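Trainee: This is the structure I have questions about; it appears just below.
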Amino acid sequence: MTTALPEWFYPGPPGGWTADMLDHLPHDAPKHVELIDGSLIMRAPQTAFHMLVVNRLTDGQWGLRPPPELFVVREMTVTLGRRQRPEPDVMVVNRSAVHSMRITSFRPEDVHLVVEVVSDESRDLDQVTKPIKYANAAIKHFWRIEEENGSPVAYTFELEPVMKVYVPTGVHRGRLRTNIGFDVDVDLDVAEVIG
């Protein structure tokens, strides 16, 4: 069974989609839509693994605990350019960037960390496309979290500012301990949640 795309989706606006258009999609648009190279990307339903990892990272007690000037957000976009507005799973942003309850996207200069939890359908975007775009936008820290035998593995990266590429800073199994301008210590064992 196939489902027809809504009328507004195809062929799209003349000249393609732009970052500012995401805030004005029709009410029947999917909840999570990203813009990559001017194309709308609809996110598939998330897996329990994806949900548990995102919940762990954003949990106030067990997850990321940045200093007061930073703030942890989930499933919001970052506007990297006119035709680029990806939606990382988790970000750490400057608290001052959360200046309104109606904000829907952040500027890259306000983003300290982006985290992508890899799903089968997002693998190429999360492993290749998005890291290049985040690095070109000079976002200092990038993490990619993948499933390995049912457990999370976190690959951590830091921006090399001259070449604007990410260099690896670690591979973390079981526990993610690092420093990204503040100490991070996150237990990655999400299987305990479902027992």
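Trainee: It is to be established whether one or more residues within region 13-26 are surrounded by 15 or more Cβ atoms within 10 Å (Cβ to Cβ), aromatic (Phe, Trp, Tyr) and not in a loop (DSSP other than H, G, I, E, B).
Mentor: No, because not a single residue in region 13-26 is surrounded by 15 or more Cβ atoms within 10 Å (Cβ to Cβ), aromatic (Phe, Trp, Tyr) and not in a loop (DSSP other than H, G, I, E, B).
Trainee: Using beta carbons and a limit of 9 Å, which pairs, at least six apart or on different chains, have the first residue in region 91-118 and of a type in the set (A, V, I, L, M, F, W, C) and the second one in a strand (DSSP E or B) and modelled with pLDDT under 95?
Mentor: No pair meets every condition.
Trainee: Let me ask you something else. Tell me yes or no: at least one residue of region 57-78 is touching a residue at least 60 places away in the same chain (Cβ under 8 Å), crowded, with 19+ Cβ neighbours inside 10 Å, within 21 Å of ALA135 (Cα to Cα) and of a type in the set (Val, Ile, Thr).
Mentor: Yes, region 57-78 contains at least one residue that is touching a residue at least 60 places away in the same chain (Cβ under 8 Å), crowded, with 19+ Cβ neighbours inside 10 Å, within 21 Å of ALA135 (Cα to Cα) and of a type in the set (Val, Ile, Thr).
Trainee: Being out of contact with any strand residue (DSSP E or B) (no Cβ under 8 Å at 6 or more places or on another chain) and under 22 Å from PRO68 (Cβ atoms): is that true of GLU121 here?
Mentor: Working: out of contact with any strand residue (DSSP E or B) (no Cβ under 8 Å at 6 or more places or on another chain): yes; under 22 Å from PRO68 (Cβ atoms): no.
No, not satisfied.
Residue-by-condition table, conditions (1) over 20 Å from ASN179 (Cα atoms); (2) touching a Gly at 6+ places or on another chain (Cβ under 8 Å); (3) modelled with pLDDT under 90; (4) not small (Gly, Ala, Ser):
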site	(1), (2), (3), (4)
PRO14	yes, no, yes, yes
GLU34	yes, no, no, yes
MET42	yes, no, yes, yes
GLN46	yes, no, yes, yes
LEU52	yes, no, no, yes
LEU64	no, no, no, yes
LEU80	yes, no, no, yes
ARG83	yes, yes, no, yes
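Trainee: Answer with yes or no whether TYR155 is of a type in the set (Phe, Trp, Tyr), under 14 Å from VAL53 (Cα atoms) and assigned to a strand (DSSP E or B).
Mentor: Numbers: of a type in the set (Phe, Trp, Tyr): yes; under 14 Å from VAL53 (Cα atoms): yes; assigned to a strand (DSSP E or B): yes.
The answer is yes for TYR155.
Trainee: Taking GLU146 as the residue in question, decide whether it is surrounded by 13 or more Cβ atoms within 10 Å (Cβ to Cβ) and under 19 Å from MET51 (Cα atoms). Reasoning before the result, please.
Mentor: On the way: surrounded by 13 or more Cβ atoms within 10 Å (Cβ to Cβ): yes; under 19 Å from MET51 (Cα atoms): yes.
Taking the combined requirement at face value, the residue satisfies it.
The values are calculated or read from the model by the stated rules, or taken from the named source; none is laboratory data. What you see is a predicted model, and the numbers here were worked out from it, not measured in a lab. Cβ atoms come from the backbone with ideal geometry, glycine included; neighbour counts cover every protein chain shown.
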